[in-house]
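Working notes, beginning with the structure itself.
The values are calculated or read from the model by the stated rules, or taken from the named source; none is laboratory data. Because the structure is predicted, anything quoted here is derived from the model rather than measured. As a convention, Cβ positions derive from the backbone with ideal geometry for all residues, glycine included, and neighbour counts pool all protein chains shown.
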Amino acid sequence: MSPETATAASNRATALEQALRRVIRGKDDVVRLALVSILARGHLLIEGVPGVGKTTLAHAMARALDCTFQRVQFTSDMLPSDVLGISVYSMAEQQFEFKPGPIFTNILLADEINRTTPKTQSALLEAMSEGQVTMDTHSHPLPQPFLVIATQNPIEHHGTYPLPESQLDRFLMRVRMGYPDAVAEREILRSEAGAARLDDLRPILTGEDVLEMQQAVTRIRVDDSLIQYTLSIVRQTRESQHLSLGVSPRGSQMLYRAAQAMAYLESRDFCVPQDFKSLVVPVFAHRVMVNANYASSVKKSEQAEQVLTEIVDSTAVPI
């Protein structure tokens, strides 16, 4: 990509971020992390109590990207075939024909993913890892780009199933949508919530733009000292007395890609320590498991973030 093209792509990414911020008020950090996830070719898990804008953010991202979009409302009685598709026997052709499910799209909104059973949750594993779906020994490639944006309620809520570790590991990051601050909530009320702003949102990037930008992100330079910094943090998660499950090699790869995407959004062709440091919690927190005997004053769902923050604060940053 030429410097002129790279600048134009960076400008479009900035325009996309600004458009999303007009819809999602007071959550600039969440919007930035969502864009990092897209550019790093990763899937996004958004967690929060009902009514804080999780689904609105997913819809806004889909509207701002000129890509195909499907929404699946996950429920306790949903089957894997409701997501992946099903083989139907054709009397005319005298053979089975595959009828694709809603997963065959560029952006899949898996709404309240933890309200369905682990069996249906696991149906997404192959699609999220390999970009394909295998049915009856036949592999069916998914459209590119392919992104899963999943929302979930906190695990403390009734009627939720915890996502399996293998499922969580497929998400590049998990972000939390908390309550807006007083200023942002006042703006939301003055503008009669976000429905009107969402309807006015127009496509800013095409699927081809996203693929080009994802490719450009892979060319962001990462110094060896930053790789060692990342591995030091990962190793400490595996050795920590407070964690029974540390970060997997996939997790360290995800942090590497996310840091490159963060540098891209900052209009740099190289990474700095802050790119990695700021992403450790959203990329790693859902991949680790806190020991049952870990004593902490914070909620159980936030203990992993606290342990990771302590690890990051105690790790020397490369100069």
Would you pick out the residues in the stretch 181-206 that are surrounded by 17 or more Cβ atoms within 10 Å (Cβ to Cβ) and either modelled with pLDDT of 80 or more or not assigned by TED's automatic domain parsing to the domain that holds Pro145 (or both)? Leu201, Ile204, Leu205
Lys119 meets each of (1) under 30 Å from Leu265 (Cβ atoms); (2) of a type outside the set (Ser, Thr, Tyr); (3) not in a loop (DSSP other than H, G, I, E, B) with one exception, condition (1)
Which pairs do you get when a residue that is in the same structural domain as Phe104 (by TED's automatic domain parsing), found in the stretch 118-135, comes within reach of a residue that is part of a helix (DSSP H, G or I) and surrounded by fewer than 21 Cβ atoms within 10 Å (Cβ to Cβ), reach meaning Cβ atoms under 8 angstrom, with the pair 6+ apart or on two chains? Thr120/Asp82; Ser122/Ser166; Leu125/Ser166; Gln132/Glu126; Val133/Glu126; Thr134/Glu126
Which numbered condition Ala259 misses (of (1) more than 21 Å from the chain's Cα centre (by Cα); (2) surrounded by 23 or more Cβ atoms within 10 Å (Cβ to Cβ)): (1)
Within the stretch 63-87, of all residues that are farther than 22 Å from Thr134 by Cβ and touching a residue at least 60 places away in the same chain (Cβ under 8 Å), the one surrounded by the fewest Cβ atoms within 10 Å (Cβ to Cβ) is Ser76
Across the stretch 88-145, which residue is farthest from the chain's Cα centre (by Cα) among those that are surrounded by fewer than 16 Cβ atoms within 10 Å (Cβ to Cβ) and among the basic types (Lys, Arg)? Lys99
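Residues that are assigned to a loop (DSSP other than H, G, I, E, B) and farther than 24 Å from Gly131 by Cβ: does the stretch 38-46 have at least one? Give the steps one after another, and end with the answer.
Narrowing the stretch 38-46 to residues assigned to a loop (DSSP other than H, G, I, E, B): 40-42.
Narrowing the set further to residues that are farther than 24 Å from Gly131 by Cβ leaves none.
No, that holds for no residue.
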Within the stretch 285-319, how many residues are modelled with pLDDT of 90 or more, assigned to a loop (DSSP other than H, G, I, E, B) and surrounded by fewer than 13 Cβ atoms within 10 Å (Cβ to Cβ)? 1
Would you mind listing the helices (runs of 4 or more DSSP H) fully within the stretch 179-284 where at least 2 residues are free of Cβ contacts under 8 Å to residues at least 12 places away in the same chain and more than 24 Å from Leu16 (Cα to Cα)? 224-239, 249-265
Considering every residue within the stretch 16-27, establish whether at least one is part of a loop (DSSP other than H, G, I, E, B), more than 24 Å from Thr134 (Cβ to Cβ) and either among the acidic types (Asp, Glu) or touching an Asp or Glu at 6+ places or on another chain (Cβ under 6 Å) (or both). yes
Quick check on Ser225: is it surrounded by fewer than 18 Cβ atoms within 10 Å (Cβ to Cβ) and closer than 22 Å to Thr309 by Cβ? yes
When you go through Leu109, Leu79 one by one, which is the residue that is of a type in the set (A, V, I, L, M), in contact with a helix residue (DSSP H, G or I) (Cβ under 7 Å, 6 or more places away or on another chain) and in a strand (DSSP E or B)? Leu109
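Hey, can you tell me all the residues within the stretch 278-295 that are within 20 Å of Val30 (Cα to Cα) and in contact with a helix residue (DSSP H, G or I) (Cβ under 6 Å, 6 or more places away or on another chain)? Full working, then the answer.
The first filter runs over the stretch 278-295 and keeps only residues within 20 Å of Val30 (Cα to Cα), leaving 278-287.
Leu279, Val280, Val281, Pro282, Val283, Phe284, Ala285, His286, Arg287 - these are the residues of the stretch 278-295 that are within 20 Å of Val30 (Cα to Cα) and in contact with a helix residue (DSSP H, G or I) (Cβ under 6 Å, 6 or more places away or on another chain).
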